[in-house]
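Only one structure is covered here, and it is reproduced in the block below.
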Amino acid sequence: MKHTNPSPQILLLLALLLCGCRQSDNLTAWPTITNQSKPWTRWWWMGSAVDSAGITYNLEALAGAGIGGVEITPIYGVKGKEAQYIDYLSPRWMNMLAYTIAEARRLGMGVDMNQGTGWPFGGPDVGEEDAASRLVWLGDEIATGKTRQMVKRAAPGGEGLVLDHLNREAVERYLAKFDQAFSATSTPFPNSFFNDSYEVYGADWTASLPDEFERRRGYPIEPFVAQLLSDGSTDTAARIIADYRETISDILLDNFAKSWTDWAHRQGTSTRYQAHGSPASLIDLYAAADIPECESFGITDFDIPGLRRDSIRKVNDGDPAVLKFASSAAHIAGRRFTSAEAFTWLTEHFRTSLSQCKPELDLMLAAGVNRIVFHGTTYSPEDAPWPGWKFYAAVDMSPTNTLWRDAPSFFHYTARALSFLQSGEPDADFLLYFPIYDIWHEERGNHYLSFPIHGLRERLPEFCALVDTIRSAGYDADYISDSFIRSSTVENGQIRTSGGSLYKALILPPIRRIPPQTLAHISEMAQKGARIYFAGDYPRDVPGLYRMQERRLELQKIIEQLAAESSVTAAGGTIIPPGFEAGAESFVTDKKGSMIRRRHQHGHTYFFSMLRGEAVDGWIRLGTNPASAIFYDPMSGKTGKAILRNSPGATEVYMQLRPGESLILKTFDHTVAAAAGWEYYKPTGQAVELQSGWRMHFIESDPPLGSATYLLDQPGSWTELPGDSLRINRGTALYATSFTLRKSPGADYRLCLGDVRESASVTVNGRPAGTLFAIPFEINIGPLLREGENRIEISVTNLPANRISDYDRRGVEWRIFREINFVGIHYRNETFSRWQPLPSGLLGPVKLLEMQPMPQPRF
């Protein structure tokens with residue numbers, strides 16, 4: 001047989017085909033998991049009583065479970081360990097930091113560092129001159145007083161007065177001690193420096209404020225202090241108070257937030273900033289940092305069937321409308337990450353399950369969060385008696401918590417989801433103007449106005465209601481401040497912010513006041529074709545006192561210009577601009593699900609989560625028009641090509657999603673190759689009830705329970721079995737049963753565990769099937785089943801609550817910490833001795849559902 005060499009044309013064609021296949025593979029593969037896409041954790045150093053062996057032990061445990069990095073926050077110490085305390089920023093402390101950074105790098109982890117101990121910034125180097133200040137009015141003159149606030153939860157070497165964040169020179173002196181500490185010890189800088197939520201109470205003044213006020217507002221504050229301190233009931237007083245609030249905001253932004261970030265950049269590092277709590281424009285403050293960070297605080301009442309609702313709880317202050325202040329700032333400023341402090345006070349300590357964490361995480365991701373920092377983990381020596389060293393307000397992501405056994409599956413879920421959400425660019429539909437000047441003018445009660453996460457929705461009810469309306473209509477909007485409006489441009493009819501993000505239109509909610517320079521820039525954008533939508537009438541007033549009448553006339557002229565622009569709509573009577581109906585996402589409008597959409601070079605990425613009680617099984621209209629799409633399951637890692645169809649004016653995707661589940665959809669503007677289609681299933685109505693013949697024994701328990709095997713008529717809580725030890729233990733029990741199955745041709749089988757307390761690892765016929773830690777506790781196991789006899793083993797791990805309540809009843813002294821020690825969720829010194837035993841184990845009912853693959857429809 002004669003062989004000939006292929007022609008150059010054939011070789012070129014083969015090369016192009018190979019290149020195309022590789023490009024398609026790269027487009028459709030899971031994004032690379034990095035230490036930034038893995039969850040991080042706040043790592044409390046109690047008394048900074050750390051050593052190299054303990055650092056290595058802790059970091060190896062965290063890295064092995066799937067944690068991507070730590071944020072070091074030193075706090076108060078452990079009683080009896082005073083000799084091991086290390087003063088903050090001392091040479092010995094810096095050596096421990098350097099060792100931590102080196103060990104983290106060895107393990108592929110990152111390290112952030114709180115730029116203080118406890119919170120807020122302050123310490124022994126902050127003297128009276130640099131301490132947080134307050135206004136003292138002597139009746140005819142102003143004096144600068146001091147709040148005398150001390151650093152909360154301070155660590156050794158970090159105790160002292162809180163810093164005056166409004167004083168640029170004080171901030172620079174505070175940061176200088178870090179220059180000295182790092183330089184003197186040649187310690188490498190961490191990935192980022194962190195600033196916790198602004199909890200500087202009553203600091204309403206700084207010595208330079210009169211000069212700053214006159215320079216920025218155009219008139220002196222001294223003659224108007226009486227009006228400043230009034231209830232603001234007159235128009236003049238309200239304007240003076242608003243001017244004061246704007247000045248405080250400007251000073252905090254310039255003298256602290258920007259100054260701090262500039263300092264970090266000079267060191268070759270970055271800042272991570274929780275701006276909430278500040279007396280300032282939150283959007284501008286968040287945007288001043290490299291990584292804006294929001295937080296969840298408390299638990300959300302999700303309507304997910306079977307989700308455990310703890311009787312001891314705080315209502316979550318971090319709802320989506322509040323979380324979006326940080327993500328909006330990140331998007332409009334071009335920041336890659338929006339971080340979140342996750343799960344603070346989700347429930348009472350020792351009672352939080354992974355099944356409660358997962359929907360809270362999904363809620364944050366749908367609000368634009370794409371970086372997670374757990375709150376948190378306490379450094380604890382390997383030989384510390386259980387429960388180890390603990391900080392009170394934590395979900396306790398640590399090896400001494402029973403949930404640690406199955407936590408890696410939750411961490412892997414988080415990393416998979418974040419790997420997508422850290423890719424591409426934000427793709428919100430609209431910009432929504434944040435009416436800060438109306439808020440500064442109309443809020444009464446105190447001249448000093450801050451925006452803490454607690455009660456922020458109640459403080460901004462009208463604005464948050466507008467956000468809810470936009471989102472429930474199937475759109476997404478990022479908030480924008482005056483300064484970011486004035487730096488935005490227009491490209492092909494879309495608005496591009498200074499950070500590079502594109503938006504279809506700018507929405508202005510019903511407002512009464514706006515600076516003329518802001519409205520003038522809006523008018524300029526309208527003249528260049530930008531869509532501008534006033535949900536109410538045009539604003540008719542200006543903020544502030546100086547040149548009020550002159551600025552009102554200026555504003556009126558701008559309004560007349562706006563009214564002549566065809567791209568401007570006013571008094572629309574609805575919050576959604578007309579003409580964008582085709583862009584609504586029906587997953588939100590019809591199914592009431594939670595989602596976010598991002599943009600990549602060839603299409604879009606969607607994150608969907610069903611945080612309510614209705615399942616999705618049908619066509620979902622997309623707000624985009626892709627040519628092809630692939631589903632990715634962040635829980636299992638499975639992928640497959642989604643079914644699309646064209647409908648009038650829209651593209652639809654067929655989706656199946658049960659309550660509590662989430663999916664990622666990546667769409668493309670061209671047809672891409674995929675290994676296989678997404679697996680769609682329909683139940684046949686056949687089921688095997690696995691309600692008898694169960695055996696259970698413990699594979700791990702404290703207190704030890706021996707090798708006894710319990711024969712069960714049906715699955716149930718082990719706390720209901722005879723024996724006092726079963727009501728007070730923490731551990732893992734293995735439930736096992738055997739059954740006979742006649743497999744139907746082509747069928748798959750879904751194992752439904754029912755009520756699980758609290759997580760479960762499933763083995764089928766000796767082969768691992770997966771770990772289930774959240775609603776729904778279900779998994780397809782068809783490929784692992786065989787015709788005839790089958791055996792299922794389910795290892796279920798409970799919470800440590802029953803064990804810790806037993807400790808308190810017996811008077812075991814585990815609360816061994818200084819300062820506030822270990823308070824409960826309501827910040828009271830209370831024990832857990834009255835807790836009733838929490839159900840533990842596999843409660844069921846357990847059944848096996850027969851499923852048949854759905855045929856792939858053709859269109």
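The set of residues in the range 297-324 being touching a residue at least 60 places away in the same chain (Cβ under 8 Å) and in contact with a Lys or Arg (Cβ under 8 Å, 6 or more places away or on another chain) consists of Phe297, Ile299, Phe302, Asp303, Ile304, Arg308, Ile312, Asp317, Asp319, Pro320, Ala321, Val322. Under the condition of being within 22 Å of Leu354 (Cα to Cα), open to solvent by less than 10 Å² (accessible area, probe 1.4 Å) and of a type in the set (Gly, Ala, Ser), the residues counted in the range 728-759 number 3. Among residues of the range 707-728 that are under 20 Å from Ala760 (Cα atoms), those with a beta-carbon under 8 Å from a residue that is in a helix (DSSP H, G or I) and open to solvent by 50 Å² or more (accessible area, probe 1.4 Å) at least six positions away or on a different chain give the pairs Thr719/Arg727.
Looking only at the range 676-711, which residues are on the phi > 0 side of the Ramachandran plot and open to solvent by less than 30 Å² (accessible area, probe 1.4 Å)? Give the steps one after another, and end with the answer.
To start, the set of residues in the range 676-711 that are on the phi > 0 side of the Ramachandran plot comprises 685, 693, 706.
Those that are on the phi > 0 side of the Ramachandran plot and open to solvent by less than 30 Å² (accessible area, probe 1.4 Å): none in the range 676-711.
From Phe194, Phe224, Phe213, which residue is modelled with pLDDT of 95 or more, under 18 Å from Ser259 (Cα atoms) and buried (at least 19 other Cβ atoms within 10 Å of the Cβ)?
Phe194
The single condition from (1) assigned to a loop (DSSP other than H, G, I, E, B); (2) closer than 18 Å to Leu663 by Cβ; (3) open to solvent by 10 Å² or more (accessible area, probe 1.4 Å) that Val369 fails is (3).
If the condition is being under 24 Å from Ser249 (Cβ atoms) and either among the small types (Gly, Ala, Ser) or surrounded by fewer than 20 Cβ atoms within 10 Å (Cβ to Cβ) (or both), then the range 149-174 contributes Gln149, Lys152, Arg168, Glu169, Ala170, Glu172, Arg173.
For residues that are assigned to a loop (DSSP other than H, G, I, E, B) and either free of Cβ contacts under 8 Å to residues at least 12 places away in the same chain or open to solvent by less than 60 Å² (accessible area, probe 1.4 Å) (or both), tally how many sit in the range 659-675.
Total satisfying the criteria: 5.
Looking at the range 787-829, which of the residues that are in a helix (DSSP H, G or I) and open to solvent by 10 Å² or more (accessible area, probe 1.4 Å) is farthest from Thr352 (Cα to Cα)?
Among those residues, the one meeting the criterion is Arg810.
What's the number of the only condition in (1) in contact (Cβ under 8 Å) with a residue 60 or more places away in the chain; (2) in a strand (DSSP E or B); (3) in contact with a Ser or Thr (Cβ under 7 Å, 6 or more places away or on another chain) that Arg695 fails to meet? Among (1) in contact (Cβ under 8 Å) with a residue 60 or more places away in the chain; (2) in a strand (DSSP E or B); (3) in contact with a Ser or Thr (Cβ under 7 Å, 6 or more places away or on another chain), Arg695 violates only (1).
A Cβ distance below 6 Å, combined with a sequence gap of six or more or placement on separate chains, defines the contacts here; from the range 610-622, residues that are charged (D, E, K, R) reach residues that are surrounded by 15 or more Cβ atoms within 10 Å (Cβ to Cβ) and not in a loop (DSSP other than H, G, I, E, B) in the pairs Asp617/Gln656; Arg621/Ser586; Arg621/Ala650; Arg621/Glu652.
For the range 474-482, does any single residue satisfy the condition of being open to solvent by 30 Å² or more (accessible area, probe 1.4 Å) and either touching a Lys or Arg at 6+ places or on another chain (Cβ under 6 Å) or on the phi < 0 side of the Ramachandran plot (or both)? The answer is no, given that none of the residues of the range 474-482 is open to solvent by 30 Å² or more (accessible area, probe 1.4 Å) and either touching a Lys or Arg at 6+ places or on another chain (Cβ under 6 Å) or on the phi < 0 side of the Ramachandran plot (or both).
In the range 440-457, the qualifying residues are those that are surrounded by fewer than 20 Cβ atoms within 10 Å (Cβ to Cβ) and of a type outside the set (Gly, Ala, Ser), and the one that is farthest from Asp476 (Cα to Cα) is Asn446. Any residue in the range 491-509 that is in contact with a Ser or Thr (Cβ under 8 Å, 6 or more places away or on another chain), of a type in the set (Asp, Glu) and either without any contact (Cβ under 8 Å) to a residue 60 or more places away in the chain or open to solvent by less than 20 Å² (accessible area, probe 1.4 Å) (or both)? No.
Say whether the condition of being open to solvent by 10 Å² or more (accessible area, probe 1.4 Å), at pLDDT 95 or above, under 27 Å from Ala65 (Cβ atoms) and more than 26 Å from the chain's Cα centre (by Cα) is met by at least one residue in the range 118-127. Scanning the range 118-127, I find no residue that is open to solvent by 10 Å² or more (accessible area, probe 1.4 Å), at pLDDT 95 or above, under 27 Å from Ala65 (Cβ atoms) and more than 26 Å from the chain's Cα centre (by Cα), so the answer is no. Residues satisfying the criterion are present in the range 559-568 (criterion: in contact with a strand residue (DSSP E or B) (Cβ under 7 Å, 6 or more places away or on another chain), closer than 21 Å to Pro435 by Cβ and buried (at least 17 other Cβ atoms within 10 Å of the Cβ)). Looking at the range 160-268, the helices (runs of 4 or more DSSP H) lying wholly inside it that each contain 3 or more residues that are more than 25 Å from Ala329 (Cβ to Cβ) sit at 168-185, 209-217, 225-228, 235-251.
The values are calculated or read from the model by the stated rules, or taken from the named source; none is laboratory data. Computed from a prediction, not measured in an experiment: that's the story for all the values here. We place every Cβ from the backbone using ideal geometry, glycine too, and count neighbours over all the protein chains shown. Note: areas computed on protein heavy atoms with side chains; ligands, DNA, RNA excluded. Shrake-Rupley method; radii C 1.70, N 1.55, O 1.52, S 1.80 Å.
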